[in-house]
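Student: This is the structure I want to talk about, given as structure tokens.
Just so it is clear, none of the values below were taken in a lab; they were calculated from the coordinates. Source: prediction; values computed, not measured. A quick note on method: Cβ atoms are made from the backbone with ideal geometry, for glycine too, and the neighbour counts reach across all protein chains shown.
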Amino acid sequence: MDLMRMRVEARRALTPYITEFTLAPVEGSALPAFTPGAHVTVETPSGAMRRYSLVNDGEAPERYVISVKREAESRGGSTSMHDDATEGTELNVEAPENDFPMSDAPKYLLIAGGIGITPIYAMANALEKQGKDFGIIYCTRSAEETAYLDELSEKFGDRIVVHHDDGDPEKVYDFWDHFEEPQKMHVYCCGPKPLMEEIEAISGHWPEGRVNFEDFKPVDVVRADDEAFEVELKKSGETLTVPDDRSILETLRDAGHATVSSCESGTCGTCKTRLLGGEPDHRDMVLMDDEKDDYVMICVSRAKPGRRLVLDL
Ligand code: FES
């Protein structure tokens with residue numbers, strides 16, 4: 001894919017962890033158009049390629065606007081955008097692609113969790129422009145961590161419900177009323193995996209195609225030719241078999257172990273686990289080369305064929 005050379009024209013801190021970047025072409029002014037839900041792949045200053053949803057109007061864009069959340073454990077993509085992509089920095093950017101396109105419907109429900117607001121905001125603006133009937137549910141931990149809070153509230157008034165759960169599983173938004181009866185509306189959802197899984201679970205009785213998810217899949221979590229392998233948990237003394245169609249993380253969870261994860265696709269760094277032995281097949285986009293002997297991202301990585309892993313768990 002051709003890369004465009006773009007310059008960081010402006011940065012705006014939206015929350016303590018989320019920054020908006022306005023990218024302008026280094027040469028010329030016309031940029032490829034895009035539709036709501038589209039993303040660009042950016043070569044971050046660290047060299048890591050990252051996908052970011054486009055927030056602005058894509059009809060005849062002169063700029064691309066993206067927002068990036070600094071992931072706590074990241075050392076590659078998001079941290080380098082925050083720390084090194086200052087105003088004037090030039091970046092390589094791939095032309096927009098859309099894996100989360102909207103289709104025509106009488107009514108829409110847009111659901112965002114955290115940084116998942118970025119494609120949802122673009123969709124809401126497009127629906128507003130077309131005079132469509134829509135509502136937004138936007139779930140975040142707290143007002144302080146809510147990107148675009150004031151402008152969304154101002155623009156969309158009572159069509160947006162903003163819900164804060166303070167990180168307490170007891171306070172998560174109850175979506176059931178929206179999904180109990182299948183409706184003639186289309187739902188678009190983008191957010192952390194647990195949110196998308198919940199919506200998927202409670203909308204199983206809806207007709208196919210009505211409920212849509214933005215699902216970045218930078219890596220295949222499980223591949224067709226994957227084999228089962230063993231993981232030894234040094235601290236607990238257990239040995240678990242990771243089936244050919246499950247990740248280490250899922251296997252731990254299935255066995256009743258408390259796990260921490262977020263993206264579950266090898267990009268955020270949350271599930272980083274100390275490796276004590278074995279030969280891993282690293283499939284994440286987070287670990288630096290000098291960490292690969294000592295750590296493994298258990299949401300995506302496996303053991304090399306015929307090998308086992310020993311984890312500090
Ligand atoms: S949960 Fe994000 S890298 Fe594993």
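Student: At 10 °C and 1.306 mPa s, grab the translational diffusion coefficient of the stretch 200-276 from Stokes-Einstein with a Kirkwood Rh over Cα pairs, rounded to a whole number in µm² per second.
Tutor: Estimated diffusion coefficient is 107 µm²/s.
Student: Here's a follow-up. Using only Cα atoms, locate the centre of the stretch 111-185 and the centre of the stretch 1-31, then give the distance between them in Å, rounded to an integer.
Tutor: The two parts, judged by their Cα centres, are 25 Å apart.
Student: Lysines near LYS234 by alpha-carbon distance under 22 Å, same-chain residues fewer than 8 away left out - which ones?
Tutor: Partners within reach: LYS272, LYS292, LYS304.
Student: Taking 7 Å along the Cα-to-C-beta vector as the label spot, tell me the LYS235-ALA95 distance in nanometres, rounded to one decimal.
Tutor: If labels sit at LYS235 and ALA95, their model points lie 5.0 nm apart.
Student: Under the definition of Cα pairs under 8 Å and six or more residues apart, what whole-number percent is the relative contact order of the stretch 1-102?
Tutor: It rounds to 39 percent for the stretch 1-102.
Student: Which loop trypsin sites (Lys or Arg not before Pro) in the stretch 38-133, with loop taken from DSSP, have no more than 14 other Cβ atoms within 10 angstrom of their Cβ?
Tutor: Numbers: sites: ARG50, ARG51, ARG63, LYS69, ARG70, ARG75, LYS107, LYS129, LYS132; in loops: ARG63, ARG70, ARG75, LYS107, LYS132.
Here the sparse-neighbourhood loop sites are LYS107.
Student: Another one. Using unit Cβ charges (K, R positive; D, E negative) and no other charged atoms, how large, in debye to the nearest 20, is the dipole of the chain about its Cα centre?
Tutor: Dipole about the Cα centre, nearest 20: 220 debye.
Student: Calculate, axis by axis, the spread of Cα positions in the stretch 108-213 along the three principal axes, and write the results as whole Å, longest axis first.
Tutor: 37, 36, 20
Student: In terms of Cα to Cα distance under 25 Å, which lysines are near enough to LYS132, apart from those fewer than 8 places away along the same chain?
Tutor: By straight Cα distance, LYS132 reaches LYS107, LYS155, LYS184.
Student: Oh, and also: If you take every residue apart from SER142 with its C-beta less than 9 Å away from the C-beta of SER142, what net charge results, scoring Lys and Arg +1 and Asp and Glu -1?
Tutor: Residues near SER142 contribute -3 overall.
Student: Work out the P(r) tail for the stretch 3-94: percent of alpha carbon pairs separated by more than 17 Å, whole number.
Tutor: Working: 1795 of 4186 pairs.
The answer is 43 percent, as a whole percent.
Student: ALA258 to LYS184: FRET efficiency via 1/(1 + (r/R0)^6), r the Cβ-Cβ distance, R0 41 Å, to the nearest 0.05?
Tutor: 0.50
Student: As I understand it, the dipole of the stretch 3-94 uses +1 on the Cβ of Lys and Arg and -1 on the Cβ of Asp and Glu, about the Cα centre. Which of VAL26, THR15, MET81 lies farthest toward its positive end?
Tutor: THR15
Student: Determine the gain in length on full extension of the stretch HIS163-ASP244; use 0.36 nm per residue of separation and subtract their C-alpha separation, reporting nm with one decimal.
Tutor: Length gained between HIS163 and ASP244: 25.3 nm.
Student: Of ALA228, THR44, LEU311, which is farthest towards the positive pole of the chain's charge dipole, taken about the Cα centre with +1 and -1 on the beta-carbons of Lys, Arg and Asp, Glu respectively?
Tutor: THR44
Student: Find the relative contact order for the stretch 67-148 and round it to a whole percent, using C-alpha pairs within less than 8 Å whose residues are 6+ positions apart.
Tutor: Relative contact order comes out at 28 percent.
Student: Something else: Kindly state, to the nearest 0.05, the FRET efficiency for VAL172 paired with TRP206, given R0 = 25 Å and r defined as their beta-carbon distance. The partial results should precede the final answer.
Tutor: Values: r = 20 Å, r/R0 = 0.81.
Using R0 = 25 Å, I get an efficiency of 0.80.
Student: Assuming R0 = 30 Å, what is the FRET efficiency of ALA30 and ASP83, from their Cβ-Cβ distance, to the nearest 0.05? It would help to have the intermediate numbers written out before the result.
Tutor: Values: r = 31 Å, r/R0 = 1.02.
Once rounded, the FRET efficiency stands at 0.45.
Student: Please work out, to two decimal places, the log10 of the ratio I(q)/I(0) at q = 0.10, 0.18, 0.22 Å⁻¹ from a Debye calculation in which every Cα of the stretch 229-311 carries one identical scatterer.
Tutor: Results for the stretch 229-311 at q = 0.10, 0.18, 0.22 Å⁻¹ read -0.19, -0.67, -1.04.
Student: To continue, here is another question. Could you pull out the trypsin sites (Lys or Arg not before Pro) across the stretch 213-297 that fall in loop regions by DSSP (anything but H, G, I, E, B) with no more than 15 other Cβ atoms inside 10 Å? Walk me through the intermediate numbers first.
Tutor: Values: sites: ARG223, LYS234, LYS235, ARG246, ARG253, LYS272, ARG274, ARG283, LYS292; in loops: ARG223, LYS234, LYS235, ARG246, ARG283, LYS292.
Those that pass, being in a loop and sparsely packed, are ARG223, LYS234, LYS235, LYS292.
Student: Beyond 31 Å, what percent of the Cα pairs of the chain remain?
Tutor: On the way: 17587 of 48828 pairs.
Of all Cα-Cα pairs in the chain, 36 percent lie more than 31 Å apart.
Student: For the chain, what proportion of DSSP beta bridges, expressed in % and rounded to the nearest 5, is antiparallel?
Tutor: Given both bridge residues lie in the chain, the antiparallel proportion sits at roughly 65 percent.
Student: Please report, in debye to the nearest 20, how large the charge dipole of the stretch 86-245 is about its Cα centre when each Lys and Arg carries +1 at its beta carbon and each Asp and Glu carries -1 there.
Tutor: Computed about the Cα centre, the dipole is about 600 debye.
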